[in-house]
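Here is the structure we will look at.
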Amino acid sequence: MANELYSLTIHELHELLKNKKVSSQEIVNAVYGRIETVEKSVQAYLTLIKERALEKAREVDDHLVNAGILTPLTGIPLGLKDNLCTRGVKTTCASKILENYLPPYDATVVNKLEHAGAVILGKLNMDEFAMGSSCENSGFFPTRNPWNIETVPGGSSGGSAAAVAAGEAIATLGSDTGGSIRQPASFCGVVGMKPTYGRVSRYGLVAFASSLDQIGPLTQDVTDCAIMLNAICGYDPYDSTSINQPAPDYTKSLSGKLDEIKTVGVIQELLGDGIAPEIKKAVEDAVKVFEKLGAKIKMVSLPSFEYALACYYLIATAEASSNLARFDGVKFGHRSANSPDLLSMYYNTRREGFGPEVKRRIMLGTYALSAGYYDAYYLKAQKIRTLIKRDFDAAFHEVDLLISPTSPTVAFKIGEKSGDPLSMYLSDIATIPINLAGIPAISLPCGFAQGLPIGLQLIGNVLEEEKILKAAFAYEQATAWHQEKAKI
Amino acid sequence: MPISNHDVEHVARLARLGLSEKEKEKLTRELNAILTYAEKIQSLDTHDVPPTSHPILLKNIFREDMVKPFRDTSKIIANGPQVQANTFVVPKILD
């Protein structure tokens, strides 16, 4: 697929558009052509809006491209995870309960992309309400990994990662509550970033766990990641938790060198038991690359990591059980036909509308918040969250950046873990602590095992996206992993 | 066993979640496995540790309480499963 328009990066296509070598309509048509060829086997999209996209591309060509007025995203076709509200375009969260929901407004990130001149291709599959690590929890159908369609693409932003890997979108947006951007990026061999909590507005992102959710990009390389982050970040009066601080131009930090990054810490707990040997080896090789680039390497211990997964599944489910109370059959979404009175309307609507994983998490969260258990579970978990944050604070006193695998394994087989919720949860062991601490992290390709991509995670302190992108770009320049493409 | 079938029924009622008998049994089993795993947090001493409810330090954020018109209110109403004259219709709650 080399040199096809759909296989080029944002920055490559931008050059072509700027020099009038290609039009946005040609790019959009090329990507839809690709979708027609591979979508049957990948199944990344829940909704495609081809006519609307071509109309937008035409407008962009007529008014912007021809006039030479271009932002880095003008005319570039992008996909959106289906939990991002799009005005007048179905937004289902891959749930039956929202099967026909038409948002009356755009999410702030969607608004920003539209204003930058990007072309939205459609809405991407996910685990229902972003709850899952394999995309198998979609209420409609599972998405498959373009590297091997017998394996999962990861989750919950599985569609967002698979689409980028298969050339079905130039880049996409996902959301990350416990690893939902980084783990699928790792499984699909693309770049995925979870920014600092509050760096990107969550307005119009259907809430899962409000103190953990964050929107971020999935792209073919680090440069594209910086371009996307530039476009979506910043304070938003519609999201009071968004950070009111000016954002830098992230592409400026891509120097190819480590510059002010002197010491890189390797997280000891994430290279031990439970991490597949080939993943360990790939991460150790990556550490050597950083050493060659001039970094001092230090082993770092974060002792409360051991408790992070338990802590996360109590906090995230507690918040989810509260957020998902709004799906009651009154103002939007499904209502059970069997609703003789108010209570049975609630019971039956929610029974029919939610899938098994969502029910499981609502139950776990409600239990953790219920009278008699609040102190033992929810409050206790919040205290452990403090300990995890303190561990990171201590680590960043000693090192500039932390390094670990993104996932303990490569992509697993479809069906392999879907019967055992706990073993599925364990696949998020390396990504979850980052959300609890609210800090930024990226996943980028660092090798292969059994023909499947391995992801490297780089973690920075609060608002240190620039450091992460700088290190990721230097690593990318020094290696060739990102040039490998899925053969589908 | 941290959680019984009876507890599952109680929690499902709190969550307004209808469950079949089969689902209740399965959930009792699965929640027990997850909660048994989660028990490990009890072994950590957190006596003097304050809870974190939010990862980034933020104080209360206020704005002026001003009415702003929304241009497409009909599109909000249109999402209701049962609507009538600009209102959402629900089953009768009083006899």
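Find the Rg to Rh ratio for the range A:17-160, where Rh is the Kirkwood radius over alpha-carbon pairs and Rg uses the same atoms.
1.00
Counting only residues 5 or more places away or on other chains, whose amide H sits under 5 Å from the amide H of A:Tyr235 once H atoms are built in the peptide plane?
Correct list: A:Gln245.
Give me the angle, in degrees from 0 to 90, between the Cα long axis of helix B:5-14 and the longest principal axis of the Cα atoms of chain B, rounded to the nearest 10.
20
Can you pull the one-decimal nm distance between simple spin-label points at B:Phe62 and A:Tyr374, each 7 Å off the Cα toward Cβ?
Simple spin-label model gives 2.6 nm for this pair.
Binned at 5 Å from 0, what are the whole-percent values of the Cα-Cα distance distribution for the range A:87-175, short to long?
3, 15, 22, 23, 20, 11, 4, 1
For the range A:386-455 and the range A:229-267, write down the distance between their C-alpha centroids in whole Å.
20
Rounded to two decimal places and with Rh computed the Kirkwood way over Cα pairs, what is Rg over Rh for the range A:315-364?
Radius of gyration relative to Kirkwood radius: 0.98.
Counting only residues 5 or more places away or on other chains, whose amide H sits under 5 Å from the amide H of A:Gly447 once H atoms are built in the peptide plane?
Amide H neighbours of A:Gly447: A:Ile454.
Spelling out what I want: for every residue of the range A:3-15, take phi, set θ = phi - 60°, compute 6.51 cos²θ - 1.76 cosθ + 1.60 (Karplus), and round to whole Hz; glycine and proline get x.
These are the phi-based 3J(HN,Hα) values: 6, 5, 4, 5, 9, 8, 7, 4, 5, 5, 5, 4, 4 Hz.
Give the span of chain B's Cα atoms along each principal axis, as three whole-Å numbers ordered largest to smallest.
Answer, in whole Å and largest first: 54, 44, 26 Å.
Residue by residue through the range B:64-71, what is 3J(HN,Hα) from phi via Karplus (6.51 cos²θ - 1.76 cosθ + 1.60, θ = phi - 60°)? Round to whole Hz and write x for glycine and proline.
Each residue's phi maps through the Karplus curve to give 4, 8, 10, 7, 10, x, 10, 6 Hz.
Using a Förster radius of 51 Å, what is the FRET efficiency between B:Ser20 and A:Asn19 based on their Cβ-Cβ separation? Nearest 0.05, please.
Here the calculated transfer efficiency is 0.25.
Comparing B:Ser20, B:Ser74, B:Ser53, which has the greatest mean-square fluctuation in the GNM of chain B with Cα pairs linked when under 10 Å apart?
Top of the fluctuation ranking is B:Ser74.
Run through the DSSP bridge list for the protein assembly as shown and note the antiparallel percent, rounded to the nearest 5.
If we restrict to bridges inside the protein assembly as shown, about 65 percent are antiparallel.
Check the straight Cα-Cα distances from B:Lys92 and name the lysines below 22 Å, setting aside those fewer than 8 residues away within the same chain.
The reachable lysines, counting only those whose Cα sits under 22 Å from B:Lys92, are A:Lys331.
Apply 1/(1 + (r/R0)^6) to the Cβ-Cβ distance of B:Val83 and A:Glu55, taking R0 = 22 Å, and write down the FRET efficiency to the nearest 0.05.
E between B:Val83 and A:Glu55, to the nearest 0.05, is 0.15.
Lys/Arg Cβ at +1, Asp/Glu Cβ at -1, dipole of chain B taken about the Cα centre: which of B:Ile3, B:Thr73, B:Ala15 is farthest positive-ward?
Ranked along the dipole, the leading option is B:Thr73.
Per residue of the protein assembly as shown, what 222 nm ellipticity follows from adding -39500 (n - 2.57) for every DSSP H run with n ≥ 4, rounded to the nearest 500?
-11000 deg cm²/dmol
Please go through the range A:437-488 and write out the trypsin sites (Lys or Arg not before Pro) that DSSP classes as loop and that have at most 10 other C-beta atoms within 10 Å.
Sites meeting the loop and neighbour criteria: A:Lys487.
Once the Cβ-Cβ distance between A:Glu284 and A:Ser322 is put in as r, and R0 is 51 Å, what FRET efficiency do you end up with, to the nearest 0.05?
So, using R0 = 51 Å, E works out to roughly 0.75.
In whole angstrom, how far apart do the alpha carbon centroids of the range A:1-61 and the range A:153-199 sit?
19
State, to one decimal in nm, how far the label point of B:Lys75 lies from the label point of A:Lys331, with both points 7 Å from Cα in the Cβ direction.
That separation, rounded to one decimal, is 1.7 nm.
For A:Asn338 paired with A:Ser210, estimate the spin-label separation in nm (one decimal), with each label point 7 Å from Cα along the Cα-to-Cβ line.
The answer from the label model is 3.3 nm.
Taking a temperature of 10 °C and a viscosity of 1.306 mPa s, what whole-number D in µm²/s does Stokes-Einstein yield for chain A with Rh from Kirkwood over alpha carbon pairs?
Details: Rh = 22.2 Å.
For these conditions, the coefficient is 71 µm²/s.
Coordinate-derived values only; no laboratory data. Computed from a predicted structure; not experimentally measured. Don't worry about glycine lacking a Cβ; one is built from the backbone with ideal geometry, like all the others, and counts go over all protein chains shown.
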